[in-house]
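First the structure, in the form of structure tokens, and then the observations on it.
The values are calculated or read from the model by the stated rules, or taken from the named source; none is laboratory data. Source: prediction; values computed, not measured. Please note: Cβ atoms are built from the backbone with ideal geometry, for glycine as well, and neighbour counts cover all protein chains shown. In case anyone asks, the SASA skips ligands and DNA or RNA and just uses the protein heavy atoms, side chains included. Shrake-Rupley method; radii C 1.70, N 1.55, O 1.52, S 1.80 Å.
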Amino acid sequence: MSGSNDNAIPADLPLRNDLLGEEPYGAPQLDVPVCLNVNENPYPPTHAVVRSIEKRVREAAKDLNRYPDREHMELRQAFVDYLAKESGAKLTTDMVWGANGSNEIMLQLFQAFGGPGRTALGCDPTYSMYPEYARDTFTQWRIVPRKEDFTLDLDRTLEAIRDLEPAMVLLTSPNNPTGTPLPMEQLERILEACQDARVAGAAEGTRPVVVVDEAYIEFRDPGVPSATTLVGTYGNLAVSRTMSKAFAFAGARVGYLAASAGIIDCMRIVRMPYHLSAVTQAAALAGFDNTAEQLSQVAHLRETRNETAAWLREQTYRGIPLQVAPSQSNFLMFGGHFDDRGLIFDEMLKRGVLIRVVGPEGWLRVCMGTDEEMKVFRKALTESLRAAEAAHDQQD
Ligand SMILES: Cc1ncc(COP(=O)(O)O)c(C=O)c1O
């Protein structure tokens with residue numbers, strides 16, 4: 001196992017006071033046959049794509065004595081072209097920006113717009129890294145609870161924007177861990193509200209930046225618009241994307257942002273010099289050289305999601321059918337009434353299937369694997385639910 005959290009920080013190290021007792025973030029990386037816990041794409045790059053990466057990286061290797069293009073202009077053009085094709089967004093290279101995963105994009109947003117005296121607002125349950133970006137940038141993290149069906153509570157969100165005067169409003173579409181999409185009408189209501197909202201701790205006349213995290217957006221049903229199409233209209237909208245999920249490129253660590261040129265300039269202030277290595281840029285360009293191939297399994301994973309959701313709804317635990325949160329992503333949050341979800345997780349693990357204990361109590365999350373993996377998942381879950389029921393009955 002790697003990525004264990006049982007690190008003991010020596011007491012004589014002056015770790016920041018607010019970090020004392022903190023654990024490194026990350027899902028367990030266990031060596032098990034079926035890993036369905038971190039929302040990856042289960043289909044690896046094809047031989048043709050691997051060859052294309054080799055070619056690009058070999059070229060880049062010849063110049064590794066030099067720093068890479070700090071502005072990664074060729075890659076930014078690839079982002080523009082891809083977003084035009086994928087979402088119909090009309091952008092220019094000064095309106096996109098890349099980084100090492102959308103994790104780094106998010107951290108840069110917090111570095112630019114958060115900070116002491118600033119507040120970032122999110123809608124819980126949501127991606128568990130947001131509070132960590134806030135912690136690391138001394139930004140106050142505040143949340144509005146989602147409704148029972150995990151959709152946004154628009155009224156309370158608008159109220160919080162008025163009352164808390166956040167510098168950043170973080171919206172995730174589709175949301176992780178619930179899979180819930182954010183309807184464009186709701187996003188536009190929030191964007192409109194932010195036009196004349198105030199930002200505590202900032203100069204008069206500034207307004208909150210609305211960040212939409214679209215890490216999983218390619219898995220939405222066809223025809224559903226992306227927030228990137230609104231970037232030209234709203235100067236305070238920042239849409240984060242990644243190559244890690246639908247693009248099947250998690251190991252390459254490439255995320256990107258679509259936003260006004262003004263927001264991109266703010267990112268340029270906080271980025272590390274040469275933050276995106278020449279090798280990363282070359283690999284990402286090779287990915288975009290093969291967009292159709294890289295994304296070829298998305299429609300199938302969408303079908304897998306729909307079929308798995310229907311199957312899960314037919315399963316029961318202690319006589320009650322499982323709930324499944326409606327998802328526009330490549331994962332499903334299911335259960336809703338697991339009284340000991342850790343036990344079900346352990347039973348799954350015993351059967352070689354790694355899922356994730358995340359989200360509200362009573363729920364578990366699984367991401368879509370290959371057809372073969374999903375067969376193993378179904379069998380393992382059926383057995384695990386029965387085993388957990390038996391353990392429960394013994395206790396009663
Ligand atoms: C909602 C969301 N945003 C961002 C990320 C970060 O992805 P990456 O840094 O690989 O682009 C994840 C990863 O799981 C996520 O779930």
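List of remarks:
- Share of carbon and sulfur in the accessible heavy-atom surface of the stretch 164-212 [1.4 Å probe, %]: 48
- Spin-label model distance (nm) - Met129 vs Ala203, 7 Å beyond Cα toward Cβ: 3.2
- For the stretch 296-353, the equivalent ellipsoid derived from the alpha-carbon gyration tensor has semi-axes of 22, 15, 9 Å in decreasing order.
- Part-to-part distance (alpha-carbon centres) for the stretch 323-365 and the stretch 100-139, which is given in Å: 26
- Dividing the helix sum by the residues of the chain, where each DSSP H run of 4 or more adds -39500 (n - 2.57), gives a mean residue ellipticity at 222 nm of -12000 deg cm²/dmol.
- Residues in the stretch 305-319 reached by a label modelled at Ala391 [backbone nitrogen below 17 Å; 7 Å Cα→Cβ]: 317-319
- Segment Glu23..Ala48, full-extension length gain: 5.0 nm, with 0.36 nm per residue of separation and the alpha-carbon distance subtracted.
- Charge tally for Val254 (other residues, Cβ to Cβ under 10 Å; Lys, Arg +1; Asp, Glu -1): +1.
- Under Stokes-Einstein, with the Kirkwood radius over Cα pairs as Rh, the value for the stretch 158-233 at 4 °C and 1.567 mPa s is 98 µm²/s.
- Per the Debye calculation on the stretch 207-271 with a single equal scatterer at every Cα and no solvent contribution, log₁₀ I(q)/I(0) for q = 0.11, 0.18 Å⁻¹ amounts to -0.28, -0.72.
- Applying Stokes-Einstein at 25 °C and 0.890 mPa s to the Kirkwood radius of the stretch 14-125, computed over alpha-carbon pairs, gives a translational diffusion coefficient of 130 µm² s⁻¹.
- Shape summary: the chain maps onto an equivalent ellipsoid whose semi-axes, from the alpha-carbon gyration tensor, are 33, 27, 22 Å in decreasing order.
- Pairwise label distance in nanometres, Asp265 with Glu185, each label 7 Å out on the Cα-Cβ vector: 3.7
- Filtered trypsin sites (Lys or Arg not before Pro), the stretch 75-111: DSSP coil and at most 14 other beta carbons within 10 Å: Lys90
- Surface exposure of the stretch 47-294, expressed per residue as accessible area with a 1.4 Å probe, stands at 42 Å².
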